[in-house]
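Worksheet: the structure to be examined is printed underneath.
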């Protein structure tokens, strides 16, 4: 209530000042915009959405409030179906993670990303192979050797969710190394990192932001990053090592690359003006120091894409996920 | 010693006028959030999070944690007055709190609940102050098998110690397990029991079930009994607070036991809900007047409230020191920390001393402020029961509907709530206990998840539940609790035979 009164006051003030210029401006939201998160509170997508909400509020980037709503049911299926059902409603946007592809493929719910209107890719999230710092594995080779010596299935890989990105990477590592893991799914990335600290699993593929605190605390050790090139951040984190110093898995003989989409979509049948409004909004968000600080804290890959480039990228990724999930046997019977 | 100096520095930070104002505002907002069933602490904190972005991190976390306290206090109000638990951990409070209100002892029940909450939380904060570093390493020993053992103990201590007919208890519990199984199977990533209905993707949310089973079910029962709303003769002056306080020290043993259960469950982190059920179950069996539990016994309010709040408070510790939230509300607070650029984890206590000790100091003060605020309002809350039922019932219905809607912003949930209401009415008419059903909905899928994670890790061997001293001792405790009645009987028989 308090917030909406405030925002009405702000928008009235802004409207008075901008009325002369605004004549040429195209579409703008006329009521609060729902920002759907197809995942639970506290996870990576949720943190990003709430950071954006905070930046928009703090820098007064929108005249209408932006309201974050979590719809995590059915591995995010609830959120995607909700946006799919809201066609012609430009006041609803959704932030995606890899479950944009994996959830429909694994569960067979009636949804495909083409049902939505692509807006922009905000960033790509990295994946890093982590082991407990007490363990003797100093590099990928040590670890892969240990994997091969252990009896198949006795080494445990912890990850977030089932038949989602973490398990896809695990299958990729198995293929590249010839070893066999037992994959144990947990609810959230933070929990996975702590299970590794407590030695309840042998390795994880946590995102940087999920494991950075334990790395700084000297409890975990990063072995390699599943990207084509090392990460860009050179500020030392632990033992004088920075994100930049983590080698790529490929260069260490573990041929697997995986990046996770952090992108924005909106409801079906959005017009060009409406998409342009949100692209402009996210460009403003990206320009703030708060956003850059957030990108740094999570060691994100800051690739930004819109329009056809973005749609093409998503299409390629979808095909890749289809292949990866088929090989791993993760497809729902109906797919 | 250094910790103590840090704490006093923390008090100095928390006692700045602006922070005290923020504290009171947070408590009041929190009570309002707690009174609305379904809105809940987690949602409330999430909605109000952006409000705090303009404050310093310390003021912001003080405000948010005070909302958390307020919601914890507020949850007890609707449980006692209307039999509608606003939060999972308030369910056990209704068992004796609501009968007390019906007997015109609403003021006593509220005072006992608020005071116990305060005691529980205070105990946990003192523990956090003294043994924070030790506790963090204890929490690390908890893998899936240990977690399952804790849930197992919660189920066993509630079922084994219950005095209901065992088959009705088991039947009710099985309905709960079946409802908990609906939705996404988190181990295989496939949908279960949804029959292609997309509304069921999310499964049955605990809060919807509870609002329906308890709130709507109760209204239906009252209507059948001729619209009489009992409890109108509640004493409504502040003297009732003092009178109740005179009675409470007699239950010090129950309090202490509940504090310990709560702290332990908060740290592990199993959470406040199993803590409240476990504490109630044990108190029922051990207390002198245990046979009267469920009929309006003040001790039956003290036990779950103390444990729930000790657990809720202790749950903040694993969040700060390990980055693992012990409750949904703690998860939202965790998101807040990250937005302010604070990284929870082992280094937080070293690098952000001012913040951490400011937060701990605000726990002491926020709790005290909260207690004063809610106790002065006891007469007002108790007076609500004097409003005629024909006016209050529609209001409760509206409150329930808003609560059910706000959980997932979905109208389907409101319909679901009504269905659960009818189910709750029928079960009560047939004398099936609702508590085991609720316990199974809340903890069923978590227990299942931990069980299957453990078996994945052990490659199918059940031996994992007895693989080390920690997990075996929890499992054995659970088995003792489950067969407590049989053990007791066997012991008595053995003694008579020997005699």
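The values are calculated or read from the model by the stated rules, or taken from the named source; none is laboratory data. Source: prediction; values computed, not measured. As a convention, Cβ positions derive from the backbone with ideal geometry for all residues, glycine included, and neighbour counts pool all protein chains shown.
So for region B:115-125 (the condition being outside any loop (DSSP other than H, G, I, E, B) and surrounded by fewer than 19 Cβ atoms within 10 Å (Cβ to Cβ)), does at least one residue qualify? Give the steps one after another, and end with the answer.
At the first step, the residues of region B:115-125 found to be outside any loop (DSSP other than H, G, I, E, B) are B:115-125.
Still in the list and also surrounded by fewer than 19 Cβ atoms within 10 Å (Cβ to Cβ): none.
No - not one qualifying residue is present in region B:115-125.
Considering the conditions (1) at pLDDT below 90; (2) touching a strand residue (DSSP E or B) at 6+ places or on another chain (Cβ under 6 Å), residue A:202 is excluded by exactly one of them, (1).
Screening residue A:194 against (1) in the same structural domain as residue A:267 (by TED's automatic domain parsing); (2) more than 24 Å from residue A:330 (Cα to Cα); (3) in contact with a helix residue (DSSP H, G or I) (Cβ under 6 Å, 6 or more places away or on another chain) leaves a single unmet condition, (1). Kindly check whether there is at least one residue in region A:268-277 that is part of a loop (DSSP other than H, G, I, E, B), closer than 26 Å to residue A:58 by Cα and touching a strand residue (DSSP E or B) at 6+ places or on another chain (Cβ under 9 Å). No.
Would you confirm, using the coordinates I've provided, whether residue A:170 is in contact (Cβ under 8 Å) with a residue 12 or more places away in the chain, within 14 Å of chain B (Cβ to nearest Cβ) and out of contact with any strand residue (DSSP E or B) (no Cβ under 8 Å at 6 or more places or on another chain)? Quick ask: steps written out before the conclusion?
On the way: in contact (Cβ under 8 Å) with a residue 12 or more places away in the chain: yes; within 14 Å of chain B (Cβ to nearest Cβ): yes; out of contact with any strand residue (DSSP E or B) (no Cβ under 8 Å at 6 or more places or on another chain): no.
It is false that residue A:170 is in contact (Cβ under 8 Å) with a residue 12 or more places away in the chain, within 14 Å of chain B (Cβ to nearest Cβ) and out of contact with any strand residue (DSSP E or B) (no Cβ under 8 Å at 6 or more places or on another chain).
Going residue by residue through region B:92-114, is there one that turns out to be under 30 Å from residue A:197 (Cβ atoms), part of a helix (DSSP H, G or I) and out of contact with any strand residue (DSSP E or B) (no Cβ under 8 Å at 6 or more places or on another chain)? Scanning region B:92-114, I find no residue that is under 30 Å from residue A:197 (Cβ atoms), part of a helix (DSSP H, G or I) and out of contact with any strand residue (DSSP E or B) (no Cβ under 8 Å at 6 or more places or on another chain), so the answer is no. Scan region B:340-363 and give yes if some residue there is within 21 Å of the chain's Cα centre (by Cα), buried (at least 20 other Cβ atoms within 10 Å of the Cβ), modelled with pLDDT under 75 and under 30 Å from residue A:289 (Cβ atoms), otherwise no. There is no residue in region B:340-363 that is within 21 Å of the chain's Cα centre (by Cα), buried (at least 20 other Cβ atoms within 10 Å of the Cβ), modelled with pLDDT under 75 and under 30 Å from residue A:289 (Cβ atoms). Residues of region A:203-213 that are at the interface with chain B (Cβ under 10 Å from one of its Cβ atoms), farther than 18 Å from residue A:162 by Cβ and in contact (Cβ under 8 Å) with a residue 24 or more places away in the chain: A:209, A:211, A:212. Of all the listed residues (A:151, A:162), the sole one being buried (at least 22 other Cβ atoms within 10 Å of the Cβ) and either assigned to a loop (DSSP other than H, G, I, E, B) or touching a residue at least 40 places away in the same chain (Cβ under 8 Å) (or both) is A:162. Would you check which residues across region B:381-427 are part of a helix (DSSP H, G or I), more than 23 Å from residue B:175 (Cα to Cα) and without any contact (Cβ under 8 Å) to a residue 60 or more places away in the chain and list them? Selection gives B:391, B:394, B:395, B:398, B:401, B:411. Among the numbered conditions (1) over 13 Å from the mean Cα position of the chain (by Cα); (2) more than 8 Å from chain B (Cβ to nearest Cβ), the only one that residue A:43 does not meet is (1). Looking at region B:121-143, is at least one residue within 14 Å of chain A (Cβ to nearest Cβ) and modelled with pLDDT of 85 or more? Among the residues of region B:121-143, at least one is within 14 Å of chain A (Cβ to nearest Cβ) and modelled with pLDDT of 85 or more, which makes the answer yes. Condition first: surrounded by fewer than 22 Cβ atoms within 10 Å (Cβ to Cβ) and either without any contact (Cβ under 8 Å) to a residue 12 or more places away in the chain or part of a helix (DSSP H, G or I) (or both). Can you find one or more residues in region B:268-276 that meet it? No: zero hits. Checked against (1) surrounded by 14 or more Cβ atoms within 10 Å (Cβ to Cβ); (2) not assigned by TED's automatic domain parsing to the domain that holds residue A:166, residue A:243 passes all but condition (2).
Within region A:205-226, take every residue that is part of a loop (DSSP other than H, G, I, E, B) and at pLDDT 95 or above and give me the one that is nearest to residue A:176 (Cα to Cα). Step by step, filter region A:205-226, then rank; the result is A:226. Has region A:145-158 got at least one residue that is modelled with pLDDT under 95, over 20 Å from residue B:465 (Cα atoms) and at the interface with chain B (Cβ under 8 Å from one of its Cβ atoms)? Within region A:145-158 (the criterion being modelled with pLDDT under 95, over 20 Å from residue B:465 (Cα atoms) and at the interface with chain B (Cβ under 8 Å from one of its Cβ atoms)), the answer is no, since none of the residues qualifies.
Evaluating residue A:60 against the criteria (1) modelled with pLDDT of 90 or more; (2) more than 10 Å from every other protein chain (Cβ to nearest Cβ) leaves one unmet condition, (1). It is to be established whether one or more residues within region A:81-95 are within 14 Å of another protein chain (Cβ to nearest Cβ), part of a loop (DSSP other than H, G, I, E, B) and within 27 Å of residue A:322 (Cβ to Cβ). Yes, region A:81-95 has at least one match. Scanning region A:96-119 for residues that are surrounded by fewer than 24 Cβ atoms within 10 Å (Cβ to Cβ) and assigned to a strand (DSSP E or B) yields a single hit, A:117.
Residue count for region A:173-185 under the criterion of being closer than 24 Å to residue A:108 by Cβ and more than 7 Å from chain B (Cβ to nearest Cβ): the result is 1.
Would a scan of region A:179-186 turn up a residue that is in a loop (DSSP other than H, G, I, E, B) and under 26 Å from residue B:468 (Cβ atoms)? Explain how you work it out, then say what you get.
Going through region A:179-186, the residues in a loop (DSSP other than H, G, I, E, B) turn out to be A:179-180.
From what is left, the residues that are under 26 Å from residue B:468 (Cβ atoms) are A:180.
Yes, region A:179-186 contains a residue that is in a loop (DSSP other than H, G, I, E, B) and under 26 Å from residue B:468 (Cβ atoms).
Among the residues of region A:217-234, those identified as in contact with a helix residue (DSSP H, G or I) (Cβ under 9 Å, 6 or more places away or on another chain) and within 14 Å of chain B (Cβ to nearest Cβ) are A:217, A:219, A:220. Of all residues in region B:400-422, those that are closer than 30 Å to residue B:166 by Cβ and either modelled with pLDDT under 90 or surrounded by fewer than 20 Cβ atoms within 10 Å (Cβ to Cβ) (or both) total 2.
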